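Asks: First, the structure itself, so that you have it in front of you.
The values are calculated or read from the model by the stated rules, or taken from the named source; none is laboratory data. Predicted, not measured: the structure shown is a model, and the values here were computed from it. Glycine also receives a Cβ, built like all others from the backbone with ideal geometry; neighbour counts cover every protein chain displayed. Accessible surface is based on the protein model in full, side chains and every heavy atom, while ligands, DNA and RNA are left aside. Shrake-Rupley method; radii C 1.70, N 1.55, O 1.52, S 1.80 Å.
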Amino acid sequence: MTMTMKKTIHSKNDLVIKFANVNGTGSASANNLFAKALFRMGLSVSPKNIFPSNIQGLPTWYEVRVNDKGYLGRRGGIDIAVCVNPQSMAKDIKEVSPGGYVVYDNTKPLDLRLMRSDVEFIGLPLTQICLDEYQDPRQRQLFKNVIYVGALAALINIDFEVLTSLIGEQFKGKEKLIAPNVHALDLGYQYAKNHFTCPLRITVERRDNRGDKILIDGNTAIGLGAVFGGATMAGWYPITPSTSVIEAFEKYCKRLRVDAGSGKKNYAIVQAEDELAAIGMVIGASWNGARAFTATSGPGISLMSEFLGLAYFAEIPTVLVDVQRTGPSTGMPTRTQQSDVIACAYASHGDTKHVLVFPATPKECFDMTAQAFDLAEQLQTPVIMLTDLDLGMNDTMSEPLEWDEARAYERGKVYSAEQLEAMSEKFGRYIDSDGDGIPYRTYPGTHPTKGAFFTRGTSRDEYAIYTEDGAEYVRNMKRLLKKWETAKSYVPAPVIDNSGKGSDIGVLHYGTSMAATLEAIDYLAQEGIAVDSCRIRAFPFCKAVEEFIEQHSTVFIVEQNRDAQMRSLLVNECEINPKRIVPILNFDGMPVTAKFIQQAINSRLDINKVTPIRKNTTSNKAEQ
Amino acid sequence: MSYIKPSFRHPELPVNELGFTQQQYEGSLSTLCAGCGHDSISGAITKAIFELSIAPHNIAKLSGIGCSSKTPTYFLGSSHGFNSVHGRMPSVTTGANAANREMVYIGVSGDGDTASIGMGQFAHAVRRNLNMMYIVMNNGCYGLTKGQDSATSDIGSKSKKGEPNPFEPIDLASVALQLGATFVARSFSGDKAQLVPLIKAAIAHQGFAFIDVISPCVTFNNNPGSTKGYEFVREHLAATGTVDYVPMKQEIKTEYAPGSSTEVTLHDGSVVHLHKTDDKLDVSSRRSALALMQEYKAEGKILTGLLHMEQNSRDLHETIGSSNKALRSLSENELCPGTAILGSINDSFR
């Protein structure tokens with residue numbers, strides 16, 4: 001149908017398309033095919049799953065952003081909505097930006113109340129085509145998805161051969177399925193060609209932004225990091241969005257860790273009865289000298305807290321991955337947030353603090369997982385990796401994963417049988433002989449008569465003997481604090497970008513807020529506002545983080561939680577005046593956008609009447 | 001309780017096959033109340049391990065929290081020990097066992113630690129047939145917090161405070177049988193002659209070996225009216241029979257009356273010999289054990305001894321197919337797939 005539209009969107013390689021599907025209808029693989037095709041065309045693509053906590057029959061969405069500048073955060077706004085779910089159609093159509101397109105199944109006429117004059121409607125008779133082509137009801141449902149991908153190829157100019165070659169790869173080993181899928185693509189493609197002016201005003205075109213990058217989700221990268229990092233034991237309890245971490249670990253272990261001769265597994269994965277048991281197993285295995293880990297999300301962190309206190313106090317390496325979701329309680333279990341920062345930093349009763357690492361990309365998920373095993377064993381303490389649903393469950397463009405053959409696992413201070421044999425003095429588990437707060441441990445079963453000790457959560461002396469002597473307790477707690485100081489030189493350093501060349505304005509960010517923050521900094525630069533950035537990658541904070549704050553008179557922090565939790569940590573640990581750090585907080589369950597950050601910074605600069613000119617040319621006005 | 005440990009030992013103490021004296025299997029001095037049943041159990045563990053000639057460093061002893069969970073400090077001083085979190089010993093032992101299947105795992109818990117806070121972990125360790133000996137030192141009350149009733153306290157049983165317990169007890173041996181435990185026994189801390197061979201058999205068993213040991217709390221639950229006190233238990237005991245654990249290398253010397261004995265040969269060739277006092281018991285049948293326990297209970301008697309034992313038990317490692325070697329002994333070369341493989345993994349994401 002034709003309507004006069006006031007505004008139209010014209011773009012090449014800059015679009016957001018949102019698919020509105022029904023859970024459990026096979027749409028996920030068709031939508032992945034769509035995103036992968038754009039990736040193969042050399043474009044920067046960032047797909048996001050937006051799914052409710054249901055398994056079958058209810059609405060689910062998939063949003064894909066394409067652009068030419070390598071931006072991977074959410075953009076906001078929808079240029080094309082593919083509406084194949086009648087349940088959510090009214091809302092889905094409303095969301096489309098003026099001048100955009102609504103692609104829908106017009107087998108049944110559209111409810112006239114849903115019509116808008118400021119968007120263009122592209123009707124595809126998906127149900128009718130499937131009724132005509134296929135007999136099997138399941139095929140009628142599945143191929144509907146493939147048909148709309150074929151139609152989109154014509155509508156926005158996707159290379160058809162890229163799609164067909166992807167189908168070939170997807171069904172390798174099941175060649176019978178290739179022809180019907182290609183046929184379904186072609187049905188959609190031909191229908192669109194024959195009924196619309198193709199391409200539309202919104203198109204894509206081949207680029208070379210891909211390089212050697214890969215398209216992988218963070219949870220898979222973590223699973224691989226655990227395989228390469230030498231984990232042999234995983235205890236876990238299913239919880240969205242962390243479940244696929246262990247699934248990936250198991251998948252690659254089955255492929256890479258089964259002894260060819262005996263058929264035996266060089267790993268043990270135990271699905272626990274709850275998160276308490278999951279972390280208990282990890283602690284038991286680590287205590288006994290294996291590299292072990294678990295993965296969970298916020299509610300699991302709450303349940304694991306008692307054990308984390310034990311591991312901290314008894315000094316047992318413990319690797320824990322927290323794929324954060326929206327809390328508190330069950331919150332929005334299938335939406336993203338960075339809201340477990342404080343819960344993890346100080347998890348447990350008594351004086352505890354834990355080493356945290358914050359990956360921002362799949363490559364960092366891989367690297368930091370492997371590194372977490374080193375850190376946990378070097379520091380003999382829990383190491384918690386905080387990622388989130390956005391990074392964990394969405395395919396993300398990433399630098400390829402790398403492993404340095406020269407790298408050796410850092411197993412920390414562990415006495416061997418030979419070292420124990422040669423020892424003339426009595427072994428003391430908690431003696432700080434190196435002055436770095438890190439004592440020496442022994443694995444059970446090492447030496448027949450030397451090196452045994454009793455691991456306990458109760459206070460003990462340097463020989464691990466139970467004591468309630470206050471002075472011994474204080475000495476031990478102070479040593480743990482010394483170890484905390486040592487940790488600062490072990491953990492990943494922040495990534496600091498001073499491209500603002502000495503700007504007064506600095507932005508702190510961490511984890512998945514990176515993509516949107518860096519994009520916002522680009523937009524601000526276009527407005528003439530130079531901004532430096534510092535990406536925090538670990539807790540305890542390295543000196544460089546404190547220095548970055550000191551060097552900038554106006555400091556923002558971007559977080560995806562309500563309470564500015566990282567800011568609280570900075571204020572608490574670095575003794576910073578809270579007024580020095582302005583929080584920019586997004587916590588609606590959707591990944592933060594660059595526009596949101598840009599607007600927040602702009603409005604703050606307006607309020608403070610900050611003249612965003614460089615330090616060497618003006619006086620400092622930010623702190624008024 | 002004593003607070004001085006005598007350092008004098010007879011110079012010609014007997015040694016076991018490995019050349020260790022029983023003293024070398026002892027631990028620190030107990031801090032429990034004088035006369036506590038738990039100390040007798042610690043003594044029985046010490047004696048059993050000494051007689052089995054297991055090198056102390058090849059044993060790991062783990063516990064939860066409570067009076068019972070303190071005891072691993074009081075036996076096997078040359079073994080690594082782990083006093084973990086209340087009710088969570090089973091998960092820590094699961095992890096420890098996963099990391100190194102070549103060691104012997106002794107888990108010590110109490111009735112509070114197992115039947116209340118740790119019920120979930122206990123049940124799942126049983127289900128997985130974790131290769132360990134799990135001893136509950138069962139006194140029917142919370143000792144460390146001064147005598148509250150526990151979940152194994154019999155209905156109507158009176159603790160020191162004099163109030164009868166109004167709730168149904170959890171019978172851990174029955175629960176273990178129902179959950180599929182492959183070795184279940186019950187004993188009494190005051191009956192070392194029965195307990196020591198049971199411990200030996202439990203340690204030799206390949207899988208989850210559960211021993212519920214009634215162990216009176218002399219301070220809070222040894223009064224008239226208590227069903228977990230020394231006097232009451234002694235008066236109401238009934239044993240399934242006499243157990244003998246015979247290591248593989250030894251010849252069976254004891255002679256038993258025909259028709260009343262059962263032999264179970266273990267994976268390593270050693271033999272558990274049960275001389276039965278009640279012919280109705282068939283140790284290979286968990287149904288028989290459950291029925292007999294009910295029968296004795298109805299008569300007001302506590303049935304002790306070996307109740308059930310599965311000869312062809314498969315432990316967790318066998319079920320999940322993990323390496324015969326200790327996982328912790330695998331080298332970086334065996335674990336890390338290397339750069340070339342990572343390259344092909346990268347390709348699969350392009």
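Asks: Along the positive direction of the dipole of chain A (beta-carbon charges: Lys, Arg +1; Asp, Glu -1; about the Cα centre), which of A:Val64, A:Gly99, A:Ile214 reaches farthest?
Replies: Checking the options against the dipole of chain A, the answer is A:Gly99.
Asks: What does the charge dipole of the protein assembly as shown about its Cα centre add up to, to the nearest 20 debye, if the Cβ of each Lys and Arg holds +1 and the Cβ of each Asp and Glu holds -1?
Replies: For the protein assembly as shown, the charge dipole is close to 1440 debye.
Asks: Rank A:Val258, A:Thr240, A:Ile301 by how far each Cα sits towards the positive end of the charge dipole of segment A:205-310 (+1 on Lys, Arg Cβ; -1 on Asp, Glu Cβ) and give me just the farthest.
Replies: After comparing all options, I get A:Val258.
Asks: Tell me, what is the Rg over Rh of segment B:1-90, with Rh the Kirkwood radius over Cα pairs?
Replies: Ratio of gyration radius to Kirkwood radius for segment B:1-90: 0.98.
Asks: Find how many whole Å separate the alpha carbon centroid of segment B:141-206 from the alpha carbon centroid of segment B:288-325.
Replies: Cα centres, segment B:288-325 to segment B:141-206: 15 Å.
Asks: Quantify how strongly other chains surround peptide B:24-30 by giving the mean number of their Cβ atoms within 10 Å of each of its Cβ atoms.
Replies: That works out to 1 on average.
Asks: Something else about it: Students often get this wrong, so check it: of B:Lys5/B:Lys160; B:Lys146/B:Lys301; B:Lys146/B:Lys228; B:Lys228/B:Lys301; A:Lys144/A:Lys251; B:Lys200/B:Lys325, which have C-alpha atoms separated by over 19 Å?
Replies: Beyond 19 Å between Cα atoms: B:Lys5/B:Lys160; B:Lys146/B:Lys301; A:Lys144/A:Lys251; B:Lys200/B:Lys325.
Asks: When only DSSP loop residues count, what trypsin sites (Lys or Arg not before Pro) in segment A:98-188 have their Cβ near at most 16 other Cβ atoms within 10 Å?
Replies: Answer in residue order: A:Arg116, A:Lys172, A:Lys174.
Asks: Rounding to the nearest 20 debye, state how big the charge dipole of segment A:495-617 is about its Cα centre with +1 on each Lys and Arg Cβ and -1 on each Asp and Glu Cβ.
Replies: Computed charge dipole of segment A:495-617: roughly 160 debye.
Asks: A further question on this structure: Taking the dipole about the Cα centre of segment B:22-329, with the C-beta of Lys and Arg at +1 and of Asp and Glu at -1, give me whichever of B:Gly118, B:Ser329, B:Tyr25 is farthest to the positive side.
Replies: B:Ser329
Asks: Follow-up question, since we're still on this one. Inverting the mean 1/r over all pairs of different Cα atoms, compute the Kirkwood radius of the protein assembly as shown and quote it in Å.
Replies: The Cα-based Kirkwood calculation yields 31.4 Å.
Asks: Tell me, how many Å apart are the Cα centres for segment A:178-210 and for segment A:5-68?
Replies: So the two Cα centres are separated by 15 Å.
Asks: Can I ask one more? Rounded to the nearest 100 Å², what is the sum over both chains of accessible area buried where A meets B, with a probe of 1.4 Å?
Replies: 5100
Asks: List the trypsin sites (Lys or Arg not before Pro) within segment A:1-108 that fall in a DSSP loop (any state other than H, G, I, E or B) and whose Cβ has at most 11 other Cβ atoms within 10 Å.
Replies: Hits after loop and neighbour filter: A:Lys6, A:Lys7, A:Lys69.
Asks: Excluding ligands, DNA and RNA, what is the solvent-accessible area per residue of segment B:139-286 at a probe of 1.4 Å, expressed in Å²?
Replies: Roughly 44 Å² per residue, with all protein chains present.
Asks: Let me ask something additional. Quick one: what does P(r) look like for segment B:65-217 with 5 Å bins over all Cα pairs, in whole %?
Replies: Using 5 Å bins, I get a P(r) of 2, 10, 19, 24, 22, 14, 7, 3, 1, 0 for segment B:65-217.
Asks: Expressed in nm², what is the orientationally averaged projection area of the convex hull enclosing the Cα positions of chain B?
Replies: Hull-based average projected area comes out at 21.8 nm².
Asks: For segment B:114-203, what is the convex hull volume of the alpha-carbon atoms per residue, in Å³?
Replies: 107
Asks: If each DSSP helix of 4+ residues adds -39,500 (n - 2.57) and the sum is divided by the residues in chain A, what number results at 222 nm, nearest 500 deg cm²/dmol?
Replies: Helix contribution divided over all residues of chain A: -11500 deg cm²/dmol.
Asks: Rounded to the nearest 10 Å², what accessible area does A:Met115 show when all protein chains are kept and the probe is 1.4 Å?
Replies: For A:Met115, the solvent-accessible surface is approximately 50 Å².
Asks: Ignore the peptide's own chain and count Cβ atoms of other chains within 10 Å of each Cβ in A:220-233; give me the average, rounded.
Replies: 4
Asks: Additional query: Dipole size in debye (nearest 20) for chain B around its Cα centre, Lys and Arg Cβ +1, Asp and Glu Cβ -1?
Replies: Using Cβ point charges on Lys, Arg, Asp and Glu, chain B gives about 660 debye.
Asks: Now a separate question. Mean residue ellipticity at 222 nm from the helices of chain B, using -39,500 (n - 2.57) per DSSP H segment of n ≥ 4 over the full residue count, to the nearest 500 deg cm²/dmol?
Replies: -8500 deg cm²/dmol
Asks: Which whole number gives the average count of other chain Cβ atoms within 10 Å of the Cβ atoms across peptide A:445-454?
Replies: 6
Asks: Right, another one. How would A:Leu38, A:Leu177 rank on accessible area, largest to smallest, probe 1.4 Å?
Replies: Per-residue accessible area, sorted high to low, gives A:Leu177, A:Leu38.
Asks: Could you tell me, in Å, what Rg and Dmax come out for the Cα atoms of segment A:38-97?
Replies: According to the Cα coordinates of segment A:38-97, Rg and Dmax are 13.2, 37 Å.
Asks: So, in Å, what gap is there between the alpha-carbon centers of segment A:556-574 and segment A:273-331?
Replies: 23
Asks: Segment A:387-459: which GluC sites (Glu not before Pro) are DSSP loop and have at most 11 other beta-carbon atoms within 10 angstrom?
Replies: Hits after loop and neighbour filter: A:Glu405, A:Glu425.
Asks: What list of whole percents do you get for P(r) of segment A:216-398, with Cα-Cα distances grouped in 5 Å bins up to the one holding the largest distance?
Replies: 2, 10, 19, 23, 23, 14, 7, 2, 1, 0
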